[in-house]
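The block underneath contains the structure these notes are about, expressed in structure tokens.
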Amino acid sequence: MNELQALDAFASLSQETRLRIVRLLVIAGPDGMPAGAVGDAMGASSSKISFHLSHLERAGLIQSRREARSIIYSAVYPALSGLIEFLMKDCCQGRCDPAADTCTQTCEA
């Protein structure tokens, strides 16, 4: 993930409803959830949810697919992992591996 992509992702996640939607879809797993169920869970109108889902999809954090008459949304795990990796890539100036959970130690010489 490059800096521009990270900025776009963070801009999308900086709004409360969108952050909650991403967290909900992460919990839902790869099968995702229908747009209506996302709206119900968020307690928001379909037009409001549609706006937020579109914003997140443009940022590459979620994806949609059609199943019969429903649109199913799911988290894009590689994009979310890439965002975390972008934040942690220079952890301890390369002396630790955040993916291996070795950054819990103090990063001293």
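Any read-out appearing in this document is the output of simple, stated calculations on the displayed coordinates, not a laboratory observation. Computed from a predicted structure; not experimentally measured. Because the Cβ atoms are built from the backbone with ideal geometry, glycine has one as well, and the counts that use them run over all protein chains shown.
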| said: If you filter segment 20-74 for trypsin sites (Lys or Arg not before Pro), then keep DSSP loop positions with at most 13 other Cβ within 10 Å, what is left? | reply: 69
| query | If each residue's Cβ is checked for other Cβ atoms within 10 Å, how do 40, 31 rank with the fewest at the top? | reply | 31, 40
| task | Please work out whether segment 20-63 counts as rounded, prolate or oblate from its C-alpha gyration tensor, where a ≥ b ≥ c are the square roots of the eigenvalues and a/c under 1.5 means rounded, while otherwise a/b larger than b/c means prolate and anything else oblate? | result | oblate
| remark: Footprinting proxy, 49, 62, 71, 27: sorted fewest to most Cβ within 10 Å, the residues are 27, 71, 49, 62
| Of 5, 62, 86, whose Cα points farthest to the positive end of the dipole of the chain (charges on the beta-carbon: +1 Lys, Arg; -1 Asp, Glu; origin at the Cα centre)? | 62
| said: Could you derive backbone 3J(HN,Hα) for segment 50-64 from the dihedral phi with the Karplus parameters 6.51, -1.76 and 1.60 (θ = phi - 60°), listing whole Hz in sequence and x where the residue is Gly or Pro? | reply: 4, 4, 5, 4, 4, 4, 5, 5, 4, 7, x, 8, 9, 9, 10
| Other-chain or far-sequence residues with amide H under 5 Å of residue 76's (modelled H) | 62, 63
| task | Assign unit charges at the C-beta atoms only (+1 for Lys and Arg, -1 for Asp and Glu), then state the dipole size of segment 3-91 relative to its Cα centre in Debye, rounded to the nearest 20. | result | 300 debye
| remark: Once the mean of 1/r over all distinct C-alpha pairs in the chain is inverted, the Kirkwood radius in Å reads 15.1 Å
| request: Using label points projected 7 Å from each Cα along Cα→Cβ, tell me how many nm separate residue 84 and residue 71, to one decimal. | output: 2.8 nm
